[in-house]
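Novice: Below are the structure tokens for one structure; questions will follow.
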Amino acid sequence: MRYAKRGPLRFTSHRDFARAFERALRRSGVPVAFSQGFTPHPKISYASAAPTGTASEAEYLEVGLQAEVDPEALRVALDAALSPGLDVLEVVVAHGGSLADRIDASHWRIELPGVESDVARQAVEKFRASSEVLVERLTKQGRRTFDAREAVNRVDVIDQTGAPSEVAGVPCAILDLVIRQVTPSVRPDDVLSGLRVVADLEPPVPPRATRLAQGSLTAHGAIADPLEADRDGVDHR
């Protein structure tokens with residue numbers, strides 16, 4: 001299934017969402033399958049959850065069930081059981097193959113309030129022209145340095161018609177960003193750190209990132225919908 005994190009609920013951590021989703025399954029009476037052993041767990045698999053603080057229109061998960069259910073009825077029941085802003089958008093029956101294997105890239109929109117588009121465009125040009133952009137991030141293993149440039153398939157400054165979300169009265173550059181999944185993972189804030197490294201770009205207020213899509217990156221740079229094959233009833237086994 002595909003779900004969204006919107007508005008203030010973008011600050012919901014993955015752990016908090018997982019707890020809320022399991023409660024929603026119980027309240028909805030969904031016949032969830034459980035693992036074997038002394039401490040059975042519901043069979044739920046999450047695919048590439050967005051970082052806390054980012055909004056998303058394209059979060060994915062898989063749920064194992066004990067019996068067949070109507071996908072649309074399941075979507076409606078779960079959506080009603082979750083808080084507004086955690087919205088279940090689509091449910092399909094899986095036809096074999098791992099959902100995670102169909103996701104190797106993400107498409108993001110990043111709003112930079114207080115930054116002129118021309119300033120952002122110059123910073124992006126410097127970033128794209130760099131063969132390597134080293135940034136630092138504090139991880140559970142300590143502070144780590146890695147290349148934020150290699151994972152970026154595309155980054156552009158786009159023209160925005162109308163005011164972006166929650167932005168009014170100030171200039172606001174909009175970044176259009178496609179990131180490949182690599183190890184270590186590169187997140188939108190790492191790309192923003194890279195723009196600061198190469199061009200000293202420092203937004204005066206916190207940027208706002210929204211994941212628009214996840215899926216397989218095609219040869220033309222588009223992102224294929226990971227649920228498309230299931231809608232078509234294709235067995236991937």
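The values are calculated or read from the model by the stated rules, or taken from the named source; none is laboratory data. All values reported here derive from a predicted model rather than from experimental measurement. Neighbour counts run over all protein chains shown; Cβ positions are idealised from the backbone, glycine included. What goes into the accessible areas is simple: the full protein's heavy atoms, side chains included, and nothing from ligands, DNA or RNA. Shrake-Rupley method; radii C 1.70, N 1.55, O 1.52, S 1.80 Å.
Novice: May I ask you to verify whether ARG231 is under 21 Å from TYR60 (Cα atoms), open to solvent by 20 Å² or more (accessible area, probe 1.4 Å) and at pLDDT 90 or above? Steps first, answer last, please.
Specialist: Working: under 21 Å from TYR60 (Cα atoms): yes; open to solvent by 20 Å² or more (accessible area, probe 1.4 Å): yes; at pLDDT 90 or above: no.
No: the conditions fail for ARG231.
Novice: Here's something else I'd like to know. Here are ILE103, ILE110: which of them is closer than 17 Å to ALA209 by Cα, among the aliphatic types (A, V, I, L, M) and within 17 Å of the chain's Cα centre (by Cα)?
Specialist: Details: ILE103 fails: closer than 17 Å to ALA209 by Cα.
The match here is ILE110.
Novice: Cβ-Cβ distance below 6 Å, separation of 6 or more or different chains: which pairs start in the range 27-55 with a residue that is free of Cβ contacts under 8 Å to residues at least 12 places away in the same chain and end on one that is outside any loop (DSSP other than H, G, I, E, B) and open to solvent by 80 Å² or more (accessible area, probe 1.4 Å)?
Specialist: PRO40/PHE34
Novice: Would you pick out the residues in the range 152-178 that are over 23 Å from GLY7 (Cβ atoms), at pLDDT 95 or above and not polar (S, T, N, Q)?
Specialist: Answer for the range 152-178, where residues must be over 23 Å from GLY7 (Cβ atoms), at pLDDT 95 or above and not polar (S, T, N, Q): VAL152, ARG154, VAL155, ASP156, VAL157, VAL178.
Novice: Would a scan of the range 58-72 turn up a residue that is part of a helix (DSSP H, G or I), under 24 Å from LEU9 (Cα atoms) and open to solvent by 40 Å² or more (accessible area, probe 1.4 Å)? So that I can check it myself, show each step before the final result.
Specialist: We begin by selecting, within the range 58-72, every residue part of a helix (DSSP H, G or I); these are 71-72.
Now narrow it down to the ones that are under 24 Å from LEU9 (Cα atoms): 72.
From what's left, open to solvent by 40 Å² or more (accessible area, probe 1.4 Å): 72.
Yes: the range 58-72 contains one or more residues that are part of a helix (DSSP H, G or I), under 24 Å from LEU9 (Cα atoms) and open to solvent by 40 Å² or more (accessible area, probe 1.4 Å).
Novice: Another question about this same structure. Hey, among ARG109, ARG75, which residue is open to solvent by 20 Å² or more (accessible area, probe 1.4 Å), part of a strand (DSSP E or B) and modelled with pLDDT of 95 or more?
Specialist: ARG109
Novice: Something else: Any residue at all in the range 184-206 that is part of a strand (DSSP E or B), among the polar types (S, T, N, Q), modelled with pLDDT of 95 or more and surrounded by 13 or more Cβ atoms within 10 Å (Cβ to Cβ)? Steps first, answer last, please.
Specialist: Initially, the range 184-206 is screened for residues part of a strand (DSSP E or B), giving none.
Within the range 184-206, none of the residues are part of a strand (DSSP E or B), among the polar types (S, T, N, Q), modelled with pLDDT of 95 or more and surrounded by 13 or more Cβ atoms within 10 Å (Cβ to Cβ).
Novice: Counting just the residues of the range 57-95 that are touching a residue at least 40 places away in the same chain (Cβ under 8 Å) and out of contact with any helix residue (DSSP H, G or I) (no Cβ under 9 Å at 6 or more places or on another chain), which one comes out farthest from ILE44 (Cα to Cα)?
Specialist: Only one residue tops the list, namely GLU57.
Novice: Looking at (1) aliphatic (A, V, I, L, M); (2) over 26 Å from GLU59 (Cα atoms); (3) surrounded by 15 or more Cβ atoms within 10 Å (Cβ to Cβ), find the lone condition where ALA100 falls short.
Specialist: Of everything listed in (1) aliphatic (A, V, I, L, M); (2) over 26 Å from GLU59 (Cα atoms); (3) surrounded by 15 or more Cβ atoms within 10 Å (Cβ to Cβ), ALA100 misses just condition (2).
Novice: Sticking with this structure for a sec: Picking from GLY97, GLY85, which residue would you name as being small (Gly, Ala, Ser) and out of contact with any Pro (no Cβ under 7 Å at 6 or more places or on another chain)?
Specialist: Checking each option against the conditions leaves just GLY97.
Novice: Within the range 9-52, track down each residue that is over 19 Å from LEU78 (Cα atoms), open to solvent by less than 50 Å² (accessible area, probe 1.4 Å) and at pLDDT 90 or above.
Specialist: SER35, ALA50, PRO51 - these are the residues of the range 9-52 that are over 19 Å from LEU78 (Cα atoms), open to solvent by less than 50 Å² (accessible area, probe 1.4 Å) and at pLDDT 90 or above.
Novice: Which of the residues spanning the range 112-155 are assigned to a loop (DSSP other than H, G, I, E, B) and either on the phi < 0 side of the Ramachandran plot or buried (at least 20 other Cβ atoms within 10 Å of the Cβ) (or both)?
Specialist: Residues of the range 112-155 that are assigned to a loop (DSSP other than H, G, I, E, B), as a first pass: 114-116, 130-133, 140-141, 148-151.
Correct list: VAL115, GLU116, SER130, SER131, GLU132, VAL133, LYS140, GLN141, ALA148, ARG149, GLU150, ALA151.
Novice: Any residue at all in the range 81-100 that's out of contact with any Cys (no Cβ under 8 Å at 6 or more places or on another chain), modelled with pLDDT under 95, in a helix (DSSP H, G or I) and over 20 Å from ALA209 (Cα atoms)?
Specialist: The answer is yes, given that some residue of the range 81-100 is out of contact with any Cys (no Cβ under 8 Å at 6 or more places or on another chain), modelled with pLDDT under 95, in a helix (DSSP H, G or I) and over 20 Å from ALA209 (Cα atoms).
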